[in-house]
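> Quick one: structure below, then a few questions.
The values are calculated or read from the model by the stated rules, or taken from the named source; none is laboratory data. Remember, it's a predicted structure, so these values are computed and weren't measured experimentally. All Cβ positions, glycine included, derive from the backbone under ideal geometry; neighbour counts span all protein chains shown. Just so you know, the surface numbers come from the protein's heavy atoms only, side chains and all, with ligands and any DNA or RNA stripped out. Shrake-Rupley method; radii C 1.70, N 1.55, O 1.52, S 1.80 Å.
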Amino acid sequence: ERFLFSGTSAAAPVVAGAIAALLAREPGLDALQAADLLAAHANDAGAPGEDADYGRGTLNLGWALGRADADRIDPALATQVYEAA
């Protein structure tokens with residue numbers, strides 16, 4: 001059987017697992033620092049910047065874990081926004 005599962009109830013265990021992965025890799029971090037790293041390395045989604053639909057973006061654990069790799073680049077384009085003004 002398949003179920004659609006979304007919202008904060010679905011996101012909370014994913015984010016908790018990502019924080020645990022950061023803490024396992026870098027034991028000097030505390031949970032708040034790990035959460036801040038995830039927010040800082042999230043992929044922007046929806047309208048540019050923080051917004052009501054996507055908050056600060058979508059989780060990208062790979063970017064948070066690989067943030068010290070100067071050779072890592074992200075050529076992806078998440079969205080385009082045209083402002084007529």
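> Out of ALA24, ALA64, I need the residue that is hydrophobic (A, V, I, L, M, F, W, C), out of contact with any Ser or Thr (no Cβ under 7 Å at 6 or more places or on another chain) and open to solvent by 40 Å² or more (accessible area, probe 1.4 Å). Which one?
Working: ALA64 fails: open to solvent by 40 Å² or more (accessible area, probe 1.4 Å).
Unique residue meeting the criteria: ALA24.
> In the range 1-25, which residue that is of a type in the set (D, E, K, R) and more than 15 Å from GLY62 (Cβ to Cβ) is nearest to the chain's Cα centre (by Cα)?
Restricting attention to the range 1-25, the residues satisfying the condition of being of a type in the set (D, E, K, R) are 1-2, 25.
Okay, now just the ones that are also more than 15 Å from GLY62 (Cβ to Cβ), so 1-2.
Numbers: GLU1: 29, ARG2: 26 Å.
For the range 1-25, the residue satisfying everything is ARG2.
> Looking at ALA64, is it of a type in the set (Gly, Ala, Ser) and without any contact (Cβ under 8 Å) to a residue 40 or more places away in the chain?
Numbers: of a type in the set (Gly, Ala, Ser): yes; without any contact (Cβ under 8 Å) to a residue 40 or more places away in the chain: no.
No.
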